[in-house]
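Beneath this line is the structure, given in structure tokens, with notes to follow.
The values are calculated or read from the model by the stated rules, or taken from the named source; none is laboratory data. For clarity, every value in this text was computed on a predicted model and none was experimentally measured. Heads up, the Cβs are rebuilt from the backbone with ideal geometry, glycines too, and the neighbour counts pull from every protein chain shown. The area values use the complete protein model at the heavy-atom level, side chains included, leaving out ligands, DNA and RNA. Shrake-Rupley method; radii C 1.70, N 1.55, O 1.52, S 1.80 Å.
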Amino acid sequence: DKALKDEDSGVRIAAISHPNATSKHIDKALDDENFGVRREAIRHPNATSKHIDKALDDKNYMVRMHASEHPNATHENIDKALNDDDYYVRTTAINNPNATSEHIDKALKDEDARVRTYAASHPNATSKHIDKALKDEYSGVRTAAMNNPNATSKHIDKALDDEHPKVRTAAMNNPNATHENIDKALKDKDPGVRMYARHHPNATYEQRGNN
């Protein structure tokens, strides 16, 4: 308590970083005039969903970023962060392992392609999310969808028709590519796509020798 009143912000930061800091200490530190103190407060493992909600209203985007990535962030916290004006906060929010299917769906509608890219690569992304991401206007989102290990052979087949070679290359980097996918990629006009197809772990002996 005394350290959190110290005039030196470094002392206050050290105090709120202490593992024995309580909920009351964190709440008090979140009102500190120094953003570094507030940032350390919301990074504390004892921060609750109420603390996170409070930090998501902070004027400093870095405090809001740390709030959105906190492992104790709830469904409501992440949803709130996805409405933030700053794309950094929204990107951090959709990277949170606690992000649900609903959050990913919301992030795939984000105006910023960087947020949609992270949504497409989220480990909780479903088949429907990957389908949606493969229709995105930005090739980076479509590439992220193909880098997702949840992509199926049907997704890979669709991606192999993409106009952008980096999407097709990503399709051939996906471990779920089947022999049929590889056969299709071996006929690609881009030599890089064909090369990745030949070197795919699922390629047959005959496919590896295909030129």
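Picking from 86, 27, which residue would you name as being more than 24 Å from residue 144 (Cβ to Cβ) and surrounded by fewer than 20 Cβ atoms within 10 Å (Cβ to Cβ)?
27
Filter segment 100-130 down to the residues that are more than 9 Å from the chain's Cα centre (by Cα) and small (Gly, Ala, Ser), then identify the one that is nearest to residue 140 (Cα to Cα).
Among those that are more than 9 Å from the chain's Cα centre (by Cα) and small (Gly, Ala, Ser), it is 113.
Would you point out the residue of segment 132-179, among those that are open to solvent by 40 Å² or more (accessible area, probe 1.4 Å) and polar (S, T, N, Q), that is nearest to the chain's Cα centre (by Cα)?
147
Just one of (1) among the small types (Gly, Ala, Ser); (2) surrounded by fewer than 21 Cβ atoms within 10 Å (Cβ to Cβ); (3) within 22 Å of residue 143 (Cβ to Cβ) trips up residue 49, so point out which.
Result: residue 49 passes all but (3).
Among the residues of segment 101-115, is any closer than 30 Å to residue 27 by Cβ and surrounded by fewer than 19 Cβ atoms within 10 Å (Cβ to Cβ)?
yes
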